[in-house]
1. Express in whole angstrom the spacing between the alpha-carbon centres of region 48-76 and region 385-406.
2. I need the calculated FRET efficiency for the pair Q86 and D498, taking r as the beta carbon distance and R₀ as 22 Å, to the nearest 0.05.
3. On full extension of the chain, what length is gained from R440 through A177, given 0.36 nm per residue of separation minus the C-alpha to C-alpha distance?
4. Please work out whether region 136-225 counts as rounded, prolate or oblate from its C-alpha gyration tensor, where a ≥ b ≥ c are the square roots of the eigenvalues and a/c under 1.5 means rounded, while otherwise a/b larger than b/c means prolate and anything else oblate?
5. With label points built 7 Å along Cα→Cβ from the Cα atoms of A365 and R17, find their separation and express it in nm.
6. Extension gain E38-T490, at 0.36 nm per residue separation less the Cα-Cα distance, in nm?
7. Got a sec? What order do L108, L535 fall in by accessible area at 1.4 Å, biggest, i.e. largest, first?
8. Mind giving me the FRET efficiency for E402 and S198? R0 is 56 Å, r the Cβ-Cβ distance, nearest 0.05 is fine.
Amino acid sequence: MHAAFKEDPTFTARFAREARVLAKLEHTNIVPIYDFAEHNGDPYLVMKYVEGDTLKARMSHGALPMDEVLKVVDAVGGGLSYAHKQGILHRDIKPSNVIITNDNQYFLSDFGLARIASAGESTLSQDTMLGTPNYISPEQAKGVRDLDARTDIYSFGVLLYEMVVGRVPFSGDTPFAIIHDHIYTPLPLPSKVNPNVSEEVERVLLKALAKDRDDRFADASALVSAFRQAIPQPASASMMMNAAAAAVGVAATAPVTSGATATAASTVQAAKPVDQKPKSKTWMWIVGGVGALVVLAIIGVIAFNAIRNFNQNSTRQTQAARSGTNVALGTPQPQPQGGTPRPPQGTGIPPQVGATSPFLPTAIAMVATNPNNADSHLRLAQAYFESGRAGDAVNEYIKAAELSRNDAKVYLEGARVMQRDPIAVLSLLADGLEKNKNNRELLDAAAIALNAAILRDDAEPILQDYVHRFPDSPVPRYALTMFYLQHRQTDKAKISVDELVAKFPKDPYTYFSSGMLAVANNQRDQAIKEFDKVLADKTSTELLKRRSQEMINILKGTPNPQPLPATPRP
């Protein structure tokens with residue numbers, strides 16, 4: 001830090017405050033901060049020592065191959081997406097802040113240092129342009145104070161532009177000239193600078209580098225997804241790449257039902273920007289597309305039955321509401337006094353961001369009046385969920401279940417209402433499964449939620465919790481493995497598979513997980529060997545065998561006779 005910061009009497013306190021915030025960042029692609037202190041009045045951060053090279057140094061040796069570009073995109077995008085969800089901006093994305101270790105791990109460094117500098121009252125922080133001119137966003141260059149995640153999206157876009165096109169979009173003799181261009185000069189068309197840049201990639205870069213932040217990608221994950229969709233498949237692609245394209249074709253055409261299954265599918269679709277026309281997919285989507293469907297089809301779940309049960313419960317709930325009886329609890333429902341509107345039961349309305357259910361005050365009053373009435377807690381739970389307070393909703397559903405002697409129907413009602421939030425559903429069903437051992441309907445509902453959760457960036461803790469809560473079943477560990485593969489964390493996926501092998505060495509889920517890990521590692525022969533084990537195992541379900549045969553056909557380049565359904569048929 002510049003010595004002028006010492007002139008600001010609030011800087012040391014601010015430094016400590018911001019350092020505490022930054023120290024909470026724990027992500028595989030972010031260099032962690034271990035400690036902070038000061039020496040002779042100079043504040044300092046203690047960070048993990050990462051031995052390797054910077055992306056800037058790597059790029060100085062020539063253009064990067066596309067597989068390495070994708071690794072950088074995944075690492076930077078993953079780190080930014082995680083940090084932005086914690087409310088933290090980087091503010092200085094550039095190649096020198098991306099570190100590549102000797103074993104090809106990718107880290108984003110210097111997180112938040114610009115934030116520490118810009119938050120103060122010192123003359124230096126007010127009058128000095130923060131950020132690197134070549135990578136600075138227009139609003140950051142203008143000195144806008146209310147920056148958001150989209151300023152990092154712009155800098156990330158400059159980094160992408162440089163890797164793909166071969167140079168930064170704006171350069172000049174002075175920092176002022178570069179900053180002027182970022183604010184006012186139209187972006188040099190990538191295809192004009194480098195004719196090898198495809199139209200699809202160009203559209204992604206134009207959107208990421210829009211002058212108006214409202215025109216950019218909303219978040220880093222959307223930019224990463226769009227970029228991956230836009231990358232054309234090289235003519236020299238291996239058979240694994242062809243397998244991925246075929247696998248994604250199956251996933252894209254598979255029919256989808258309702259409930260959490262539809263939520264998982266819509267999550268995949270939502271990741272595709274509407275203005276993109278991708279020509280092909282990269283091989284990693286063999287995990288993202290097929291892997292998620294594999295969980296749905298062979299996790300040991302009859303998803304159709306669970307959804308049918310949910311729908312039947314909804315019908316019965318409506319009929320019971322008319323007669324004043326609670327189906328789940330078998331007790332009369334208290335009628336509101338004075339014409340006060342009743343919270344609708346079992347609507348399944350997804351929570352709106354920033355919205356508050358109009359029934360929340362009434363529901364809170366009902367619980368205060370009848371604290372031992374399970375129905376009151378059910379109504380409050382739904383009102384909380386519709387107000388975006390999923391954690392409070394889970395707690396209220398658990399209270400309602402306890403008051404109804406842990407009736408499985410109460411947990412199923414909560415799972416149905418909160419089906420758009422698989423993390424909340426899993427949190428609720430963990431309690432239900434512990435109190436209703438081997439309940440088929442709860443197991444089905446949990447499996448649907450596991451499938452949907454795999455696509456969520458924040459699902460790892462709940463999946464790990466399921467592994468610890470239900471150690472005698474391979475299903476949670478299998479779901480965790482698919483999560484790691486979906487999010488391209490192959491090192492963790494390998495550890496998870498190793499644990500499956502150690503505890504369930506001859507289980508079909510173990511064989512299939514090992515096969516999918518081999519696919520992710522481009523180990524074609526090993527993958528086929530593992531899928532063959534699934535086919536030879538007499539305990540394998542028919543769906544599991546069919547999915548394994550499908551994967552073998554894809555890897556061998558043999559067309560499948562017909563696409564498999566996304567869910568088992570009744």
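1. Computed from Cα coordinates, the inter-centre distance equals 47 Å.
2. The pair Q86/D498 has a calculated efficiency of 0.10.
3. 88.0 nm
4. Oblate shape, in that a/c is at least 1.5 and b/c is the bigger or equal ratio.
5. So the label points at A365 and R17 sit 4.0 nm apart.
6. 158.9 nm
7. From most accessible down to least: L535, L108.
8. 0.45
The values are calculated or read from the model by the stated rules, or taken from the named source; none is laboratory data. Source: prediction; values computed, not measured. All Cβ positions, glycine included, derive from the backbone under ideal geometry; neighbour counts span all protein chains shown. SASA here: full protein model, heavy atoms, side chains in, ligands and nucleic acids out. Shrake-Rupley method; radii C 1.70, N 1.55, O 1.52, S 1.80 Å.
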